[in-house]
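A.B. asks: Here it is: the structure, laid out below.
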Amino acid sequence: MEQLTQLMKDCRSYRRFNEKRQITEAELEELAGLARYAGSARNAQPLRFLLVTSAEYRDRLFPLLGWAGYLTDWKGPEPGERPTAYIVCLADRGITGDPAFDLGIASQNILLAATARGLGGCRIASFSRAKVQELFGLAENLDPILVIALGEPAEEVVIERSSDPSDIKYWRDGSGVHHVPKLGIEDLIGGRF
Ligand SMILES: Cc1cc2nc3c(=O)[nH]c(=O)nc-3n(C[C@H](O)[C@H](O)[C@H](O)COP(=O)(O)O)c2cc1C
């Protein structure tokens, strides 16, 4: 139990990586395969995944992604610190249902497993659906809804207690440490009955 708690705490959003540590296609497939163990409304399983490890497609996908909106003077990871793999999550609109919950569960399975393997990543929802669809030549029914950027983390991320519920913006200090304010449990519990 303690191990699982620690894994959840360590499973942060990382945006800078050691590019020397390349993630292989086999590693990526293993991670994506863990989405199979996620719950799915009506067990409809509307999610599909693109595995991106080639330098060509990593380079073409990277500029389409929006990094760390609150860090307004940071354009995203520099060469040498970029993700070494991506899982592009697609919703098959031909399958009835709302894939959002499934996506949350599946992506958390993937990120927890990555963390357990000394890797890490970041969910990116800030991108043009049309551009990603075009890049990969996707059929119309396949809607890219999330990109999971992955690599070996090369930054320190610390969770802090936020001072009040409006204090939610993450920030980076002068040493490059990324600080993430999280609400306290007393801010989250709406009642005790
Ligand atoms: C659905 C979702 C979409 C996100 N989209 C982005 C994004 O487009 N770009 C980005 O840099 N981070 C993105 N993030 C990461 C959040 O900024 C991050 O989860 C938040 O700052 C809290 O940090 P933590 O994940 O370490 O707890 C996203 C997270 C989630 C859950």
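So that you can scan it fast, the table gives a plain yes or no per residue for (1) in a loop (DSSP other than H, G, I, E, B); (2) within 28 Å of I168 (Cα to Cα):
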| residue | (1), (2) |
| --- | --- |
| E19 | yes, no |
| Q22 | yes, no |
| Q45 | yes, no |
| D59 | no, no |
| F62 | no, yes |
| Y70 | yes, yes |
| W74 | yes, yes |
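A.B. asks: Condition first: assigned to a loop (DSSP other than H, G, I, E, B) and among the β-branched types (V, I, T). Now tell me which residues in region 157-191 satisfy that.
C.D. replies: I168, V177, I189
A.B. asks: With respect to E155, is the statement that it is surrounded by fewer than 19 Cβ atoms within 10 Å (Cβ to Cβ), more than 20 Å from V88 (Cβ to Cβ) and either modelled with pLDDT of 95 or more or hydrophobic (A, V, I, L, M, F, W, C) (or both) true?
C.D. replies: Yes.
A.B. asks: Please specify each residue of region 161-178 satisfying the condition of being in contact with an Asp or Glu (Cβ under 9 Å, 6 or more places away or on another chain) and within 10 Å of the ligand (Cβ to nearest atom).
C.D. replies: Once the filter is applied, which keeps residues that are in contact with an Asp or Glu (Cβ under 9 Å, 6 or more places away or on another chain) and within 10 Å of the ligand (Cβ to nearest atom), region 161-178 yields only H178.
A.B. asks: For region 125-138: of the residues being surrounded by fewer than 14 Cβ atoms within 10 Å (Cβ to Cβ) and touching a Gly at 6+ places or on another chain (Cβ under 9 Å), which is nearest to Y70 (Cα to Cα)?
C.D. replies: Here the answer is S126.
A.B. asks: Among the listed residues Y14, Y70, Y57, Y86, identify the single one that is aromatic (F, W, Y) and away from the ligand (no atom under 14 Å from the Cβ).
C.D. replies: Y57
A.B. asks: Additional query: Answer with yes or no whether I148 is out of contact with any Pro (no Cβ under 6 Å at 6 or more places or on another chain) and buried (at least 17 other Cβ atoms within 10 Å of the Cβ).
C.D. replies: yes
A.B. asks: Anything in region 93-130 that is in a helix (DSSP H, G or I), away from the ligand (no atom under 14 Å from the Cβ) and in contact (Cβ under 8 Å) with a residue 12 or more places away in the chain? List them, or say none.
C.D. replies: Listed by number, the residues that qualify are A113, A116.
A.B. asks: Tell me, please, whether a residue that is within 15 Å of the chain's Cα centre (by Cα), assigned by TED's automatic domain parsing to the domain that holds A35 and not polar (S, T, N, Q) can be found in region 134-141.
C.D. replies: no
A.B. asks: Need the failing condition index for V158 against (1) closer than 21 Å to L31 by Cβ; (2) free of Cβ contacts under 8 Å to residues at least 60 places away in the same chain; (3) within 16 Å of the ligand (Cβ to nearest atom), just the number.
C.D. replies: Looking at each condition in turn, V158 falls short on (1).
A.B. asks: Determine whether E2 is modelled with pLDDT under 95, surrounded by fewer than 18 Cβ atoms within 10 Å (Cβ to Cβ) and over 19 Å from D143 (Cα atoms).
C.D. replies: Yes.
A.B. asks: Moving on. Out of Y37, Y14, which single residue is surrounded by 13 or more Cβ atoms within 10 Å (Cβ to Cβ) and of a type in the set (F, W, Y)?
C.D. replies: Y14 is the lone residue from the list that is surrounded by 13 or more Cβ atoms within 10 Å (Cβ to Cβ) and of a type in the set (F, W, Y).
The values are calculated or read from the model by the stated rules, or taken from the named source; none is laboratory data. Because the structure is a prediction, the values reported are computed rather than measured. When we count neighbours, we look across all protein chains shown, and the Cβ atoms used for this are built from the backbone with ideal geometry, even at glycine.
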